[in-house]
Amino acid sequence: MNRMRLAALVAAVLLALAGCAEIPRSGPVDRVSPSTNSEPPIGLSAQPPAEGATPEQIVNGFLLASQAGLDDDFSVAREYLHADAASNWKPLAQVRVYPNSQNIALNTLDSGAVRATVGAHGSVSSQGIFTEAANDAVSTSEFSLAKNANGQWRIVSLDDGIFLSENIFSQKFAEIPLYFLSSDSSSLVADLRYYPKKSFATNAINGLISGPSQWLADGVHTAIPAGTQLTKTVDVANGEASVDLSSQALSASSSQQALMIAQIRHTLGTSNDVRSVKLTVEGSPPGVDAVKSLPSYPFGSYPVSVVSNGAPATVLKAGEIQNKGRGGGNRHLDSIAASYQAGQSAFAATANNATQLFAFDAEKETWWNVKEGRNLLSPSYDSSGWIWSGERENGGSLIVANPSVGREKAVGVPWLRGAKVRDIAVSRDGSRIVVVSELAGTPTIQVAAIHRNADSDDEPMQLGDPMTIGQSMVDVTDVAWIGPTKIAVLGRASAGSDRALYSVKIGGPSERLMAPYTGAVAITAGRDEGSIIVLTDKNVAYSREGGSWRAIASSVTAVALPG
């Protein structure tokens, strides 16, 4: 058994032992949200190079030692490197994550170099940004070796970074959303990062200070003043994180300082290791409190909206729906989007085979013919009251319209030119949009920041350059937001497989949630995966109930929760 397989076996045994806790047999039933950061750590022990080891054994030992390097600052791993390579190697410049089901294969090339090859799950940059890999992607790295003065083989040339299995990665890295501010500072917007658990708090605050990911920058801002720095590492003891900032933090106004504190507390508070945050500036309290009401996922409790007999309706309870107004004239709705309006009477819809886009108030029976087109996208309603749609055969723009001010305009999206757009969905905070498009027969999920004019009804001005997510998906039918960093996806992760539901993270890996009801063609969702509503090709809407599905409406052709 080689060392890589032995390490995997040890990790599996430790994981199994960690799960052997006594099952409670009495007491109240509580609902909890599991955290990816709460599992006990895997302990890995690195071994130094053996005397007389061959080149392949040196590379194999280095790979094992680098996996344990997060515990010993990679000191043992550097023993496998020649002096120059040891000083120049940057282990966290790239973390290549590979599937648990695979082992790293080594082979010696004609040049004498040793090549490491393994399937790719994804990679993490030095800034903590995760990029998912396609299902058939492979990670490779080559190592050149030479004998040192003692006649022992050592690595003299290698790529920066390390290889980690999914299990070890999940145990050694913390998933931390950095929270920035929406354009109007009314909500927090998540920017997902992955940091080594030993230093996650310091890395997270430094990440906040450095600012959002490039793709997100156009849609958010920060209240942390330019030039602000940490004066020391963030210490986490007994559940309290101590953050001390430089004096530049006081250059902001009191209201901006309050927003800054909210950003910091919400960011560190996502970790199970942090119950409270003590913030100081050059050792003294800032003298202001955090903004108390600043949601990271502004979504409440809403009924499910449907299209029934071509007209809008609301599901009152399973099997009972209430009409929300007539389709009107010869309009026949074929999709629907519900607003976040408290009274739930404002809607948007496409009609007459997606050739018309309407906005309407179902109670007042007032209609606005927003746009006519060839094949319009099912609309998405954002939290600022703007309706989003556009042509499926796209020329590089999307349509936005605001019924409250009677405005309609085009927003240029150059990266969509020539694509066939399948679906769009604006995030609950209104700062991001997910776009599913198809180019040359290949579907892609992309997320982009929405740049808005906060002084003019939060008018959308432009979309930033997108980031591709869900690279493991080979087919996508529909998407819906289910959290600050997650969307639900109806699609396939491999050619020929059954359609299923997946959770795709905005800047993180994807995972299969469940098989949808047979014949699912569309989804909508609210706060989490338990809120997903599925529409089938038999025009029946189903909601998730425990481990099964329950029919809530029949003879419906579209379903929507606000958004």
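Can you tell me which residue within the range 108-127, out of those that are among the polar types (S, T, N, Q) and in contact (Cβ under 8 Å) with a residue 40 or more places away in the chain, is least open to solvent (accessible area, probe 1.4 Å)? Outline the logic, then answer.
In the first step, residues of the range 108-127 are kept if they are among the polar types (S, T, N, Q); the result is 108, 111, 117, 123, 125-127.
Right, trim to in contact (Cβ under 8 Å) with a residue 40 or more places away in the chain and you get 108, 127.
Details: Thr108: 74, Gln127: 101 Å².
Ranking the qualifying residues of the range 108-127, first place goes to Thr108.
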Note to self: Which of the strands (runs of 3 or more DSSP E) found entirely inside the range 434-514 contain at least 1 residues meeting this: open to solvent by 30 Å² or more (accessible area, probe 1.4 Å)?
What the structure shows: 442-453, 459-463, 467-469, 475-483, 486-492, 510-514
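Of the residues in the range 44-98, how many are charged (D, E, K, R) and assigned to a strand (DSSP E or B)? Walk me through it before giving the result.
Pass one, the range 44-98, residues charged (D, E, K, R): 51, 56, 71-73, 78-79, 84, 90, 96.
Add one more test, that the residue is assigned to a strand (DSSP E or B), and what stays is 96.
Matching residues across the range 44-98 total 1.
Do the conditions hold for Ser384, that is, is it in a loop (DSSP other than H, G, I, E, B), of a type outside the set (A, V, I, L, M) and open to solvent by 50 Å² or more (accessible area, probe 1.4 Å)?
Numbers: in a loop (DSSP other than H, G, I, E, B): yes; of a type outside the set (A, V, I, L, M): yes; open to solvent by 50 Å² or more (accessible area, probe 1.4 Å): no.
The answer is no for Ser384.
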Next item on the list: Please state which of the following conditions Asp84 fails to meet, knowing it meets all the rest: (1) crowded, with 18+ Cβ neighbours inside 10 Å; (2) of a type in the set (D, E, K, R); (3) touching a residue at least 60 places away in the same chain (Cβ under 8 Å).
Entry: (1)
Notebook entry, point to check: In the range 182-202, how many are open to solvent by 20 Å² or more (accessible area, probe 1.4 Å), polar (S, T, N, Q) and part of a loop (DSSP other than H, G, I, E, B)?
Noted result: 3
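Any residue that is charged (D, E, K, R) and in a strand (DSSP E or B) - is there at least one of those in the range 132-141? Walk me through how you get there before you give the answer.
Initial filter on the range 132-141 (charged (D, E, K, R)): 132, 136.
Cutting the leftovers down to in a strand (DSSP E or B) gives us 132.
Scanning the range 132-141, I find at least one residue that is charged (D, E, K, R) and in a strand (DSSP E or B), so the answer is yes.
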Margin query: With the requirement that a residue be crowded, with 19+ Cβ neighbours inside 10 Å, part of a helix (DSSP H, G or I) and modelled with pLDDT of 95 or more, what does the range 203-221 give you?
Written below: Asn203, Ala204, Ile205, Gly207, Leu208, Ile209, Gly219
Checklist line | Within the range 232-323, strands (runs of 3 or more DSSP E) holding 2 or more residues that are open to solvent by less than 60 Å² (accessible area, probe 1.4 Å) | finding: 235-237, 240-245, 276-281, 304-308, 311-317
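State whether one or more residues within the range 484-498 are basic (Lys, Arg) and closer than 24 Å to Ser335 by Cβ.
Taking the range 484-498 and keeping what is basic (Lys, Arg), we get 486, 492.
Imposing the further condition that a residue be closer than 24 Å to Ser335 by Cβ reduces the set to 486, 492.
Within the range 484-498, one or more residues are basic (Lys, Arg) and closer than 24 Å to Ser335 by Cβ.
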Next item on the list: With the checklist (1) farther than 29 Å from Glu529 by Cα; (2) touching a Ser or Thr at 6+ places or on another chain (Cβ under 7 Å) in hand, flag the one item Ser397 doesn't pass.
Entry: (2)
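Condition check ((1) in a strand (DSSP E or B); (2) more than 28 Å from Tyr302 (Cα to Cα)) across all residues:
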| site | (1), (2) |
| --- | --- |
| Ala359 | yes, no |
| Lys371 | yes, no |
| Arg374 | no, yes |
| Trp388 | yes, no |
| Gly395 | no, yes |
| Val400 | yes, no |
| Glu408 | yes, no |
| Arg428 | no, no |
Note to self: Take the residues in the range 342-360 that are without any contact (Cβ under 8 Å) to a residue 24 or more places away in the chain and not hydrophobic (A, V, I, L, M, F, W, C); name whichever of them is least open to solvent (accessible area, probe 1.4 Å).
What the structure shows: Ser345
Margin query: Condition first: open to solvent by 70 Å² or more (accessible area, probe 1.4 Å) and either touching a Ser or Thr at 6+ places or on another chain (Cβ under 9 Å) or of a type in the set (Asp, Glu) (or both). Now tell me which residues in the range 45-55 satisfy that.
Written below: Glu51
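The values are calculated or read from the model by the stated rules, or taken from the named source; none is laboratory data. Since we're looking at a predicted model, the values are computed, not measured. Ideal geometry is used to build each Cβ from the backbone, glycine not excepted, and the neighbour counts take in all protein chains shown. Quick note on the areas: whole protein, heavy atoms, side chains included, nothing else; ligands and nucleic acids left out. Shrake-Rupley method; radii C 1.70, N 1.55, O 1.52, S 1.80 Å.
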